[in-house]
Amino acid sequence: MKIGELARATDTKVETIRYYELAGLLAPPARTAGNYRSYGSDELERLSFIRRARDLGFALEEVRELLALADDRDQPCGAVDAVASSHLATIECKIADLSQMRDELARIIGGCRLGKVGDCKIIQTLGPMRGSAQG
């Protein structure tokens, strides 16, 4: 299949497929006599793996590591678990940070009295702290 067909089959932009090739996540494909990229089921499966990992928020280096592990099917899967567990811990930290941001923003909005912007508690809260150095 050509790159456009692979793109449609995996819901991936053509530019992204080329980027993954340049990044070494996908091997350079075979070329047709007309010099078109030619992809088969192996590339489709690998790109689907990459897409799913990226959808789950894995960074490119984590995807690269997971692909290397997936390519050696006889090894224990503890290393795969370690990569996934580390990523989960990162997600949990982000969730905690977002929860704190949500709570702070809700507190700020709760202080809003819907008056004039000059008296707006949201604008005042987002502005420079009184007595702090500006720079």
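Values in this text are rule-based calculations from the coordinates and carry no lab data. What you see is a predicted model; the values in this text were computed from it and never measured. Don't worry about glycine lacking a Cβ; one is built from the backbone with ideal geometry, like all the others, and counts go over all protein chains shown.
Observations
- Low-density loop positions, chymotrypsin sites (Phe, Trp or Tyr not before Pro), region 1-54 - DSSP coil, at most 16 other Cβ in 10 Å: Y36
- In this simple spin-label approximation, L56 and Y19 carry label points 7 Å from Cα along the Cα→Cβ vector, and these lie 2.1 nm apart.
- Percent of Cα pairs in region 37-83 per distance bin of 10 Å, from zero to the largest separation: 25, 51, 22, 2.
- Ranked list, fewest to most other Cβ atoms within 10 Å of each Cβ, for C112, C93: C93, C112
- Scanning the chain for trypsin sites (Lys or Arg not before Pro) that sit in a DSSP loop and have at most 15 other Cβ atoms within 10 Å, the longest stretch containing none of them is 14-72.
- The three principal axes of the C-alpha atoms in region 1-56 carry coordinate ranges of 37, 21, 19 Å, sorted with the longest axis first.
- Once the chain from A33 to A9 is taken as fully extended at 0.36 nm per residue, the excess over their C-alpha distance is 6.3 nm.
- Helices in the chain, meaning DSSP H runs of at least 4 residues, each add -39500 (n - 2.57). Divided by all residues, the mean residue ellipticity at 222 nm is -20000 deg cm²/dmol.
- Binned Cα-Cα distance frequencies in region 76-127 - 5 Å width, integer %: 4, 18, 15, 12, 10, 8, 9, 7, 6, 5, 4, 2, 1
- Quick note on the chain: its Rg to Rh ratio, both from C-alpha atoms and Rh being the Kirkwood radius, is 1.24.
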